[in-house]
Amino acid sequence: MTTLGLELPTDPRWVDVARMNLGDILIDHAFCEQKAASSCISLIVQFPEREKLVEVLTPVVAEEWGHFQRVLKELRKRNIPLGKPRKDEYVNQLLQVLRKPGDRNEQLMEKLLLNALIEARSAERFKLLSENLTDEYLQKFYRELMISEAGHYRNFIELAEEYNPKEKVRKRWKELLESEAEIMKTLEVRADRFH
């Protein structure tokens, strides 16, 4: 077990590749933050009647967008253009293992747990960057983001348990952790991908 219960730690080679290709990692990271904000907005739009969800995720949208702005600032400091988003193989493969249930509570649970997984993996990678980069500012930056993403992970798990029985959520979470570990084994270590 690793950060936030992930079953498979990140391949140690990733942090070496990330260090040597920081510009590419920052670009992909910017798009990840953008997608995280969009995902929370999407949940609010799809489930506006869930008052607790709207209340919890509204500040998360602002926080994720703030992270996006901070990463953009880092890119500008390095004269690196944002460019176009890259295909996110990690998230695309995770989407394949989601169930497509008819029940609205289960639909919501699947979406929330998907977001929790992505946040958990992001927190783990932010921790690696905070411990292995030589740039002191970026060490601090990624440590702050690790703490923030771990908080978002908890938000998503707690919301899933708000609208579904806890045992059901825990059982599904365990299944998704196992699927995520299998996906991580198949993904190649790439210089231009955050996940």
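For every residue, the table says whether it meets (1) of a type in the set (S, T, N, Q); (2) farther than 22 Å from residue 67 by Cα; (3) in contact with a helix residue (DSSP H, G or I) (Cβ under 7 Å, 6 or more places away or on another chain).
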position	(1), (2), (3)
136	no, no, no
143	no, no, yes
146	no, no, yes
149	no, no, yes
158	no, yes, no
165	no, yes, no
171	no, yes, no
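Given 179, 130, which one is surrounded by 15 or more Cβ atoms within 10 Å (Cβ to Cβ) and under 19 Å from residue 32 (Cα atoms)? Can you show your working first?
Numbers: 179 fails: under 19 Å from residue 32 (Cα atoms).
130 is the lone residue from the list that is surrounded by 15 or more Cβ atoms within 10 Å (Cβ to Cβ) and under 19 Å from residue 32 (Cα atoms).
More than 20 Å from residue 158 (Cα to Cα), of a type in the set (Lys, Arg) and out of contact with any Asp or Glu (no Cβ under 8 Å at 6 or more places or on another chain) - does that describe any residue in the range 19-41?
Yes, the range 19-41 contains a residue that is more than 20 Å from residue 158 (Cα to Cα), of a type in the set (Lys, Arg) and out of contact with any Asp or Glu (no Cβ under 8 Å at 6 or more places or on another chain).
If you check residue 51 against the conditions, is it more than 25 Å from residue 28 (Cα to Cα) and either open to solvent by 70 Å² or more (accessible area, probe 1.4 Å) or touching a residue at least 40 places away in the same chain (Cβ under 8 Å) (or both)? Don't jump to the end; show me each part of the working.
Details: more than 25 Å from residue 28 (Cα to Cα): yes; either open to solvent by 70 Å² or more (accessible area, probe 1.4 Å) or touching a residue at least 40 places away in the same chain (Cβ under 8 Å) (or both): yes.
It is true that residue 51 is more than 25 Å from residue 28 (Cα to Cα) and either open to solvent by 70 Å² or more (accessible area, probe 1.4 Å) or touching a residue at least 40 places away in the same chain (Cβ under 8 Å) (or both).
Go through the range 126-168 and count every residue that is part of a loop (DSSP other than H, G, I, E, B) and either closer than 20 Å to residue 112 by Cβ or at pLDDT 95 or above (or both).
Of the residues in the range 126-168, 2 are part of a loop (DSSP other than H, G, I, E, B) and either closer than 20 Å to residue 112 by Cβ or at pLDDT 95 or above (or both).
This table checks each residue for (1) open to solvent by 20 Å² or more (accessible area, probe 1.4 Å); (2) more than 18 Å from the chain's Cα centre (by Cα).
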| residue | (1), (2) |
| --- | --- |
| 154 | yes, no |
| 160 | no, no |
| 163 | yes, yes |
| 170 | yes, yes |
| 174 | yes, no |
| 184 | yes, no |
| 190 | yes, no |
| 194 | no, no |
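Scan the range 72-82 and give yes if some residue there is open to solvent by less than 80 Å² (accessible area, probe 1.4 Å), within 13 Å of the chain's Cα centre (by Cα) and farther than 27 Å from residue 186 by Cβ, otherwise no.
no
Only one of (1) free of Cβ contacts under 8 Å to residues at least 40 places away in the same chain; (2) assigned to a helix (DSSP H, G or I) fails for residue 71. Which number is that?
Every listed condition holds for residue 71 apart from (1).
The values are calculated or read from the model by the stated rules, or taken from the named source; none is laboratory data. These figures come from a predicted structure and were not determined experimentally. Counting neighbours? That spans all protein chains shown, and the Cβs are built from the backbone with ideal geometry, glycine included. Keep in mind that these areas ignore ligands, DNA and RNA; they rest on the heavy atoms of the full protein, side chains included. Shrake-Rupley method; radii C 1.70, N 1.55, O 1.52, S 1.80 Å.
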